[in-house]
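The values are calculated or read from the model by the stated rules, or taken from the named source; none is laboratory data. This one's a predicted model, so the numbers in the text were calculated from it and none came from an experiment. Reconstructed Cβ throughout: ideal geometry from the backbone, glycine too, with neighbour counts over all protein chains shown. In case anyone asks, the SASA skips ligands and DNA or RNA and just uses the protein heavy atoms, side chains included. Shrake-Rupley method; radii C 1.70, N 1.55, O 1.52, S 1.80 Å.
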Amino acid sequence: MASDERNVQVSKVGIIGAGVSGLAAAKQLARHEPIVFEATDSIGGVWKHCSYSSTKLQSLRCDYEFSDFPWPDRDNSSFPSHDEIVVYLEAYAKHFDVLKCVRFNSKVVEIRFIGDRKITDNGGAYGSFLPGEPVWEVAVQTGSDAIQWYAFEFLAMCIGKYGDIPKIPVFPKGKGPDVFQGKVVHSMDYSKLDQEAATQLLRGKKVVVVGYKKSGIDLAMECAEANQGPEGKPCTMIVRTRHWIVPHYWVWGLPFFLFYSTRFSQFLHERPNQSLLKTLLCLLFTPLRRGVSKFIESYLLWKMPLEKHGLKPEHPFEEDYASCQMAIVPENFFSEAEKGKIVFKRPSKWWFWEGGIEFDDKTRVEADVVALATGYEGKLKIKSILPEPFRSVVEFPSGIMPLYRGMIHPLIPNMAFVGYLESVSNLHSAELGCKWLSRLAGGEFKLPTVEGMLEQTAREIEVSKRTTRFYKRHCISTYSINHDDEICEEMGWSAWRKRNWFFEAFSPYTSQDYEKEK
């Protein structure tokens, strides 16, 4: 590593973030001796810093592992806790000597573009991935508040969508948190509490949880558990958009992967770049595709009292799966609802009053604590450190981040965004994407033109729009195998990874299928 006269340390590859995506990027790009900047004192990302005491993975171990580092107990059918996941990630980092690349307590506070490509250069060639001279300068603040500048030919943004910047609802004047006399906490802040402090916050309190996705459901469950006994108070959940939730990965005795995670099942769904014949077949298969969704819905309505509690979604199950919003519900969640420990409210609008929450039908709920499980401003994290003019084009031209192969923004040179694409297994998508990045950096293939990449991302967005109303999440779950096929083909790998045609058609794809080149 060299230094120039301004004490700017120069290297080829910089990686921001040491969560799952950052570790995958560091391992796959190891030959370029990357520098990984981690703002905290440990690896693990959201699993380490944004998880409740009860947070568990929503997949089986075998569906959430690196291709060359299987779980030691990968056949265990239970969902691992967030602590177990952190231990697994630490073991991975030590095994492949990734920690030597990581600079802990190093927060990136500014990024500057020093390359010669202009943003108006769209339509032409993307340019060299590693051009031989620095393109980005990065300002890093260490624990001593000192600022050190670094310069890189290529940057991998691995800071993820979750954590750091909470999404806070906007209220009319005089109806926001400032008028409430109790305590307001976002799930991000709640996740930083240890178990004792979290229980102390909830026990004996009238708690309102805003949100019905995984973080809200888990928080309501922890609230119910903290309020057992006659002195315990009920937890009220505010549910505005009802989503399908599942108790486990079995449907009427059949494994869930049969419906969406095999090549045959995904053949029923539209995907980008499909032929005219495939488009016609998709139209013919529409009744079958809807029948699969109805079949799953029938099981969920039988297994859980969704209709009794007014929680049956108005949209098909397929739309939640296609937008990666399917949540695993804790085992005793509805048992606590039956006991009255969890109560559901479904207002169109709500706001604060001094004693709690008021709804648009003029009813009120008293509260001591209001917990906002309202998500995160993931794109604001990127915009907060990206310089202009690139900050302005993050979501150009469709309002959605256009990422070629889920990583390359065609209008932002020499930068990858790892971990922003959502799929059945985000870890697998990140790892395979980083293998693709490594071979791109090695000159084994070239990117299409900027115009070609924008056209590809536009096709993916249009498919998502036709599949689900929640298309802005950039989820590829209904065509993930085809997405991986195209990545393999660009790397020069065989797209078909199984031993024979039967397994190719009817067995699920996992990261193990992509361990080595075939």
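Quick notes on this one:
- Within region 3-54, restricting attention to residues that are among the aromatic types (Phe, Trp, Tyr) and not in a strand (DSSP E or B), the residue that is farthest from residue 191 (Cα to Cα) is 47.
- Only one of the numbered conditions (1) charged (D, E, K, R); (2) over 28 Å from residue 63 (Cα atoms); (3) surrounded by fewer than 17 Cβ atoms within 10 Å (Cβ to Cβ) is violated by residue 290, and that is (2).
- Residue match in region 73-93 (condition: in a helix (DSSP H, G or I), modelled with pLDDT of 95 or more and among the aromatic types (Phe, Trp, Tyr)): yes
- Considering residues of region 395-414 that are open to solvent by 10 Å² or more (accessible area, probe 1.4 Å) and at positive phi only, the residue nearest to the chain's Cα centre (by Cα): 405
- Lone qualifier among 258, 268 - being in a helix (DSSP H, G or I), over 21 Å from residue 370 (Cα atoms) and more than 22 Å from the chain's Cα centre (by Cα): 258
- Lone qualifier among 392, 323 - being open to solvent by 20 Å² or more (accessible area, probe 1.4 Å), of a type in the set (Gly, Ala, Ser) and out of contact with any His (no Cβ under 6 Å at 6 or more places or on another chain): 392
- Subset tally (residues that are hydrophobic (A, V, I, L, M, F, W, C), part of a loop (DSSP other than H, G, I, E, B) and in contact (Cβ under 8 Å) with a residue 40 or more places away in the chain) for region 271-304: 1
- Number of the condition not met by residue 214 [criteria: (1) open to solvent by 70 Å² or more (accessible area, probe 1.4 Å); (2) closer than 20 Å to residue 334 by Cβ; (3) not acidic (Asp, Glu)]: (1)
- Some residue of region 70-77 being open to solvent by less than 10 Å² (accessible area, probe 1.4 Å) and either more than 17 Å from residue 108 (Cα to Cα) or touching a helix residue (DSSP H, G or I) at 6+ places or on another chain (Cβ under 7 Å) (or both): no
- Flag if residue 143 is on the phi > 0 side of the Ramachandran plot and either assigned to a loop (DSSP other than H, G, I, E, B) or more than 17 Å from the chain's Cα centre (by Cα) (or both): no
- Restricted to helices (runs of 4 or more DSSP H) entirely inside region 409-518, those with at least 3 residues that are of a type in the set (Lys, Arg) are 450-467.
- Identity of the residue in region 125-135, under 31 Å from the mean Cα position of the chain (by Cα) and either on the phi > 0 side of the Ramachandran plot or not polar (S, T, N, Q) (or both), that ends up modelled with the lowest pLDDT: 125
- Residues in region 415-440 that are in contact (Cβ under 8 Å) with a residue 60 or more places away in the chain and open to solvent by 20 Å² or more (accessible area, probe 1.4 Å): 419, 424, 426, 428.
- Filter result for residue 12 (in contact (Cβ under 8 Å) with a residue 24 or more places away in the chain, basic (Lys, Arg), open to solvent by 10 Å² or more (accessible area, probe 1.4 Å) and more than 21 Å from residue 433 (Cα to Cα)): no
- A residue that is part of a strand (DSSP E or B), closer than 27 Å to residue 427 by Cα and not small (Gly, Ala, Ser) cannot be found anywhere in region 222-242.
- For region 160-196, the set of residues classified as of a type in the set (A, V, I, L, M) and open to solvent by less than 40 Å² (accessible area, probe 1.4 Å) consists of 185, 188, listed by residue number.
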